[in-house]
Amino acid sequence: MSIFKDILNFLLPPRCINCGKIITDENGLCADCFNQITFISEPYCKCCGAPFIDVVGANRHMLCPNCIKNKKKLFRYARAAIKYEDVSKNMILAFKFMDKTENAKVFAKWLKMAGADIFSSGVDVLIPVPLHYKRLIKRRYNQSALLANELKFLVNIPTDFKSLVKHKSTKPQVSFSGNARVKNIKGAFEVRCPQNIKDKRIVLIDDVQTTGSTLNECAKVLLKAGAKSVDFLTIARVYK
Ligand SMILES: [Zn+2]
Ligand SMILES: [Zn+2]
């Protein structure tokens, strides 16, 4: 098998998913790009995954002030692989809008690493955040479904692309901020097959978590349909 891999690497050498330079490392980035991306690492909040910066004595069992205050969270764990900033933003936009779909393989590896706490706590199914069918026709693919489809082979957990649907077309969340995002996405999702959701521990997969309004709205309908727990797993996350 490794001979075939060597031949394949010779004919089609792996390239940095950001700048296209030929690389030898399997993490998908060249050294220059790797240095410009912030991988989120411990210590971070056990629940929402927000990194503890300059917190003396911080450890992996601690909660951030937001999670201590907010007892009504809709998710069990939220994790992201990298911070959403200049370089990572370009990489994700290329994946989402410019047909760089082959990058899903590398991103799925990152998701597996970032989601270690989620997977060790037990998960039944991976569900990508769905697109409205009109958006799907326009874009031709759902980037979150591509991620879930690659991740399922790495973690051996099935996907479900049918039970959660976006039945209401909404304006892109990027045009709104704060509460307007919550309002824009409210009522946009529904569970079509509650029998597939009942008592399931679900991981919602998306490309970016900004304020979390989309993921929270999905979690709301999944929990209402009887899901046991919902986790959020994204490539990147916005931290101020
Ligand atoms: Zn590069
Ligand atoms: Zn937290």
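Values quoted throughout were computed directly from the atomic coordinates according to the rules given, and no laboratory measurement underlies them. Here the structure is a predicted model, which means the values were calculated and not measured. Because the Cβ atoms are built from the backbone with ideal geometry, glycine has one as well, and the counts that use them run over all protein chains shown.
Which whole-angstrom value gives the distance between the alpha carbon centres of segment 178-240 and segment 1-40?
When both Cα centres are located, 32 Å separates them.
Full-extension gain between Val238 and Asn70, please, as 0.36 nm times their residue separation minus the C-alpha to C-alpha distance.
Values: separation 168, 0.36 × 168 = 60.48 nm, distance 1.92 nm.
Between Val238 and Asn70, full extension yields an extra 58.6 nm.
As a test of the formula, what do you get for the chain when each DSSP H run with n ≥ 4 contributes -39,500 (n - 2.57) and the sum is divided by the residue count, at 222 nm and rounded to the nearest 500 deg cm²/dmol?
Values: 11 runs with 92 residues, N = 240.
Calculated from helices alone, the mean residue ellipticity at 222 nm is -10500 deg cm²/dmol.
Label-point separation (nm) for Glu102 and Lys183, each offset 7 Å from Cα along Cα-to-Cβ?
4.5 nm
Give, as a single signed number, the net charge of other residues whose beta carbon lies under 15 Å from the beta carbon of Lys83, with Lys and Arg counted +1 and Asp and Glu -1. Don't jump to the answer; show the numbers that get you there.
On the way: positive: Arg79, Lys89, Arg237, Lys240; negative: Glu42, Glu85, Asp86, Asp207.
Once all neighbours under 15 Å are counted, the net charge is 0.
Which angle from 0 to 90°, rounded to the nearest 10, does the C-alpha axis of helix 104-114 make with the longest principal axis of the chain?
Helix 104-114 sits at roughly 60 degrees to that axis.
May I ask what percent, to the nearest 5, of DSSP beta bridges between residues of the chain are antiparallel?
25 percent
With a ≥ b ≥ c taken as the square roots of the eigenvalues of the C-alpha gyration tensor of segment 71-237, please select rounded if a/c is under 1.5 and otherwise prolate if a/b is larger than b/c or oblate if it is not? If you can, show how the numbers build up before the last one.
Numbers: a/c = 1.33, a/b = 1.07, b/c = 1.25.
Here segment 71-237 falls in the rounded category.
What spacing in nm lies between the two simple spin-label points modelled at Asp86 and Ile22, each 7 Å away from Cα in the Cβ direction?
Calculated label separation equals 2.9 nm.
Might you report the magnitude of the Cβ-based charge dipole of the chain about its Cα centre, with Lys and Arg at +1 and Asp and Glu at -1, to the nearest 20 debye?
On the way: 40 positive and 20 negative charges, 266 e Å.
That gives a dipole near 1280 debye.
Tally Lys and Arg at +1 and Asp and Glu at -1 over the other residues with C-beta under 14 Å from the C-beta of Asp99: what net charge comes out? Intermediate values should be presented prior to the final figure.
Numbers: positive: Lys96, Lys100, Lys138, Arg139, Arg140; negative: Glu102.
Counting the neighbours of Asp99, the net charge comes to +4.
May I ask for the angle, rounded to the nearest 10°, between helix 2-11 and the longest principal axis of the chain, with both axes built from Cα atoms and the value confined to 0 to 90°?
The two axes meet at around 80 degrees.
Where does the charge balance sit around Ile40 when Lys and Arg score +1, Asp and Glu -1, over other residues with C-beta under 9 Å from its C-beta?
Working: positive: Arg79, Lys83, Arg237; negative: Glu42.
So the surrounding residues net to +2.
Tell me whether segment 179-240 comes out rounded, prolate or oblate; compute the Cα gyration tensor, take square roots of the eigenvalues as a ≥ b ≥ c, and use a/c under 1.5 as the rounded threshold. List each step's numbers first, then the result.
Numbers: a/c = 2.72, a/b = 1.48, b/c = 1.83.
Because a/c hits 1.5 or more and a/b fails to exceed b/c, segment 179-240 counts as oblate.
Hey, what angle do you get for helix 213-224 against the long axis of the chain, alpha-carbon based, 0 to 90 degrees rounded to 10?
Around 60 degrees separate the two axes.
Extending each Cα 7 Å along its Cβ direction at Cys193 and Arg60, get the distance between those two points in nm, one decimal.
3.5 nm
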